[in-house]
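Some notes on the structure that comes next.
The values are calculated or read from the model by the stated rules, or taken from the named source; none is laboratory data. Remember, it's a predicted structure, so these values are computed and weren't measured experimentally. Cβ coordinates were reconstructed from backbone atoms using ideal geometry, including for glycine residues, and neighbour counts include every protein chain displayed.
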Amino acid sequence: MGLSDRSNLLFSNLDLRASLDARRHAIDSEVRALDPNRLLNTSPDDLARFFVEKYHMEPPALYRDQWSVESKEETETREDYGHRFTATVQRLYVHIPFVGDRDLFMSRASTFTMSPPRGVAGAQTLTLAFTPGQQGGPEAVRALIDREIDEVERHLAWIRNDLEAYNGSLGAIADQAIRRRREQVLHQQGLVAGLGIPLRERAGAPETYVVPAVRRKAVPTLPAASTAPFKPEPVLAMQHYDHILDVIQNMTTVMERSPATFARMDEESLRDHYLVQLNGHYQGSATGETFNNQGKTDILIREQDRNIFIAECKFWKGAKGYAATIDQLLGYSAWRDTKAAIVVFNRNRDTTKVLEEVKKTTEAHANYKRTPAWTHESGYRFVMHHPADSNRELIMTVLVFDIPAPAPRGTGAPAPVTGA
């Protein structure tokens with residue numbers, strides 16, 4: 001039984017551990033080979049996602065329910081006590097479709113046996129050969145075939161175990177390589193800029209990055225990016241961004257504890273209370289209804305000539321109105337704005353349902369990129385991209401707060417809720 005040619009041994013020709021180590025190192029090499037402007041003008045998260053997708057390996061999975069068999073008469077050379085002769089034999093070829101990386105059928109996992117199964121892995125089909133001979137009737141031959149395929153499955157399970165750790169490490173490897181290279185390039189640019197000597201452009205510098213061919217069904221595309229020289233800009237640190245949101249949260253707590261004071265205030269009046277608190281922390285740099293790019297935003301914090309935080313305050317009027325608020329905020333955002341927020345005032349409606357609508361509507365928006373892990377009972381954090389540049393990312397935090405509705409005059413009961 002089986003194929004006699006040793007080259008048809010499965011799971012034996014390549015050392016999987018060495019192959020995976022080489023792929024890990026290739027990520028770092030490819031990042032270091034990127035044109036510096038290309039690197040700096042591309043979203044680090046998008047770039048990391050590209051490398052994760054490119055270097056991810058998919059373990060083969062057999063479709064045993066779609067297998068087929070063909071029978072052939074073949075001649076083979078035999079030897080009997082020094083006498084060579086040819087004989088005609090029946091050979092069965094079992095074809096099993098699979099999905100996954102074909103090369104893994106030739107790779108030896110960290111767990112292996114000294115007698116691996118034999119076969120030939122085609123583009124999408126694994127072929128195993130059997131010579132029934134004196135094996136018996138169909139039941140015995142079928143049992144023989146099943147045992148051999150089970151052995152293949154056992155080796156594939158060992159492959160999957162090794163790949164689980166490898167694939168899970170790709171994100172951290174890509175992030176580290178990109179961060180290290182960006183820091184190196186920014187340091188080099190700062191050093192050159194500090195010399196006070198005009199920088200001479202390198203002749204023939206690449207303007208775009210060409211993705212090398214990889215043997216995959218679908219080759220990921222490197223995120224598009226501007227080739228203009230990268231200019232570092234001041235940004236609002238995440239701890240300061242979160243502090244601003246904490247100030248807003250604390251002011252909202254005051255509103256919730258004093259419902260009679262704030263129940264009849266409109267959006268602008270509620271917004272002004274946030275401005276008072278923010279200016280107490282940011283030396284009067286928080287302004288309301290400040291012109292910024294295409295319109296006026298509710299809250300804007302500016303440092304020197306740079307906008308470091310923008311926010312919109314809106315009463316909840318349904319998912320359609322909320323989607324329009326996202327468009328409004330993105331329209332206000334200049335290309336360099338990277339931190340923003342939407343404060344939703346919710347009056348006597350199901351807050352859980354409102355939060356669900358916020359998440360659903362945001363993730364369906366044309367400028368949505370991803371939802372980072374961020375734990376907050378009153379909202380979500382999203383990463384959006386600028387309407388004119390998919391690599392220019394904007395962090396948008398959405399907070400939903402319950403604001404008491406005004407009671408009908410002359411009664412102690414809250415006003416009835418209308419609208420979506």
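If you check residue 381 against the conditions, is it among the basic types (Lys, Arg) and touching a residue at least 60 places away in the same chain (Cβ under 8 Å)?
no
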Cross-chain or 6+ apart pairs with Cβ under 8 Å, the range 68-90 first and more than 30 Å from residue 125 (Cβ to Cβ), then of a type in the set (Phe, Trp, Tyr): 79/85
Exactly one condition in (1) in contact with an Asp or Glu (Cβ under 6 Å, 6 or more places away or on another chain); (2) farther than 26 Å from residue 110 by Cβ; (3) modelled with pLDDT of 90 or more is false for residue 220; which is it? (3)
Which ones in the range 66-99 are farther than 14 Å from residue 131 by Cα, at pLDDT 85 or above and not small (Gly, Ala, Ser)? 66, 67, 95, 96, 97, 98, 99
What are the pairs with Cβ atoms under 6 angstrom where one residue, in the range 40-66, is within 30 Å of residue 186 (Cα to Cα) and the other, located anywhere, is of a type in the set (S, T, N, Q)? Sequence gap at least six, or different chains. 41/226; 42/391; 43/391; 56/167
May I ask you to list pairs of residues, at least six apart or on different chains, whose Cβ atoms are under 7 Å apart, with the first in the range 361-377 being closer than 19 Å to residue 388 by Cβ and the second being surrounded by 13 or more Cβ atoms within 10 Å (Cβ to Cβ) and of a type in the set (D, E, K, R)? 369/393
Give the range 97-115 a look and list any residue that's surrounded by 20 or more Cβ atoms within 10 Å (Cβ to Cβ) and either of a type in the set (Phe, Trp, Tyr) or assigned to a strand (DSSP E or B) (or both), or say none. 98, 105, 107, 108
Does the range 116-131 include one or more residues that are more than 36 Å from the chain's Cα centre (by Cα), farther than 30 Å from residue 18 by Cβ and surrounded by 11 or more Cβ atoms within 10 Å (Cβ to Cβ)? yes
